[in-house]
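The values are calculated or read from the model by the stated rules, or taken from the named source; none is laboratory data. Being a predicted model, the structure only gives us computed values, none of them experimental. Positions of Cβ are backbone-derived with ideal geometry, glycine not excepted, and every protein chain shown enters the neighbour counts. Side chains included, ligands, DNA and RNA excluded: accessible areas come from the protein's heavy atoms. Shrake-Rupley method; radii C 1.70, N 1.55, O 1.52, S 1.80 Å.
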Amino acid sequence: MKARHVSSLCVYAALAMPFAAGAAGIGSVVTFTRDIGPIFQKNCQSCHHPGTSAPMSLVTYLDARPWAKSIKQKVVTRDMPPWHLDKTVGIRQYKNDRSLSDQEIATIVRWVDAGAPEGNPADMPPPLSFSPDSEWYIGKPDLLVTTDNDFVMYAKGPDWWIDQFADIKLDEDRWIKAMEIKPSNPRIVHHAVANVIEPDAPPGTPPGGVQLHEYAVGKYGDIFAENTGRLLKKGTRLRFDMHYFAVGSEQHNRTTIAFKFYPKGFVPKYQVRSVAIRNIPNDELEIPPNSVVRTDGYYRLTRNARIDAFQPHMHMRGRAMTLEAINLDNTTTILSSVDHFNFNWHINYIYADDVAPLLPAGTVLHMIGIHDNTAANPHNPDPAVWAGFGERSVDDMLQVWLNIVYLDDPEFNRLVEERKARQGVSPGQLTARRSQ
Ligand code: HEC
């Protein structure tokens, strides 16, 4: 999907003027049926329809009307749809971009400010149909792997984090083409991160395994780029790092991961790896009480790389994270920057094929994290206490997960030349190029 970019200055100008140009045109009344319905269908209803874990449906006028005030607030702050990038810097095109354009936000604001009128029912676009929850977004899976035990979540109490395990039963190694995680009871599952514990993992691999795939509300699997895959080894054990929350009654859950494989014997040309960059050592993360702290992490690429996806990981005090490339000529290029991180949403930002950064060996990836341990951070469990690295969500973290494809010199040069020819730009500009 192509993200439209308007400078942030325009956002505020548009929001400040009640009759700024919106989809409905200058001066005309914005109605639900004509103007808002199509936006909600495109950007909201995949999560906000009956039967999902979202707090309400946004399918009909009657569904949406009581939420008008809250909708205005959430779209203006860009908390909804969940997409927490600063859209004014770095790479602009992402395969899974579900954000609203500045104009769409202005249209929603005008609608709410005008009293959220319904309009003519005949203007309403035909309703969308949603595939039943039992269907897999990635298509018919070749293999399903479900956690060993039924987890019982209490009715009331704090959130709960727990590891659950499952063995993968394969006769031989297989290349993953697509994968998707689904909890049996999405109402209580905040996130599920599947990690692979491989039988022959090299020394230094964390005992809890290496991240394979992550599920959070509204995430519908990963389908790798063409001829790109990830190896799933025979004898692998999966560790699901689960985050549950209580919903008022006792609930049960099992989590399943579905795989689609490349045909037996087919080896995809590009192998994706999940690489975590941290500020090493972790105990350097020091977040004193009542303070906002910047922490940096570096990762030198020892091989040429294509970066396919960027996913920041922090906890409740996390506020922002920027990833930039320190190029061989010592210039820097911002790749992506999340400016309003929200621990409730773990979003993997997947670069569009034409802009996925191509970085030569020797490039240093630089991660800049901001933690906000003040009372101004609404997610902060306690601004009066010191925080450092730890697994509990009341501790904190600073790491970024990248989907990286390593490329040998001929292949790297070929991809750079190909892109240059397509875009008419020099390789140095490739990552910095902005959408029009
Ligand atoms: C990826 C799934 C997803 C998408 C897309 C999405 N939402 Fe949400 N929304 C949620 C979930 C889950 C919650 C509750 C948790 C939270 O607030 O983070 C929520 C919460 C909200 C709330 C707060 C409700 C309350 O309790 O006060 C509003 C308002 C809202 N969404 C509006 C929207 C609008 C408008 C859109 C589209 C422009 C949208 N959402 C798109 C999943 C989504």
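Per-structure values
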item	result
The chain: relative contact order in percent, alpha carbon pairs under 8 Å with at least 6 residues between	18
Solvent exposure of segment 314-376 as accessible area per residue, Å², 1.4 Å probe	30
Phi-based couplings in Hz for segment 196-208 (Karplus 6.51, -1.76, 1.60; Gly and Pro marked x)	9, 9, 8, x, 10, 4, x, x, x, 5, x, x, x
In order through segment 211-216: 3J(HN,Hα) via Karplus (6.51 cos²θ - 1.76 cosθ + 1.60), integer Hz, x for Gly, Pro	4, 9, 7, 10, 10, 9
Under 5 Å, built H, 5+ apart or other chain: amide partners of Arg92	Ser435
Reach of Lys95 by Cα under 18 Å, taken over lysines that are not fewer than 8 positions away in the same chain	Lys2, Lys42, Lys87, Lys177, Lys219
All-pairs alpha carbon distance profile, segment 143-268, 5 Å steps from 0, percent	2, 11, 20, 21, 19, 13, 7, 4, 2, 1
Length released on extending from Tyr220 to Ala155, taking residue separation times 0.36 nm less the Cα-Cα span	20.7 nm
Spin-label proximity, Val394 to segment 236-260 - amide N less than 20 Å from point 7 Å beyond Cα toward beta carbon	242-247
Percent carbon-and-sulfur accessible area, segment 267-377, ignoring ligands, DNA and RNA, probe 1.4 Å	50
5 angstrom amide H check on Gly390, placed H, neighbours 5+ away	Asp396
Whole-number percent relative contact order across segment 272-430, with pairs defined as alpha carbons under 8 Å at least 6 apart	39
Residues of segment 143-268: accessible area per residue with a 1.4 Å probe, Å²	45
Calculated [θ] (222 nm, deg cm²/dmol) that DSSP helices of n ≥ 4 give over the chain, each run adding -39,500 (n - 2.57)	-4000 deg cm²/dmol
Under 5 Å, built H, 5+ apart or other chain: amide partners of Leu335	Leu323, Glu324, Ala325
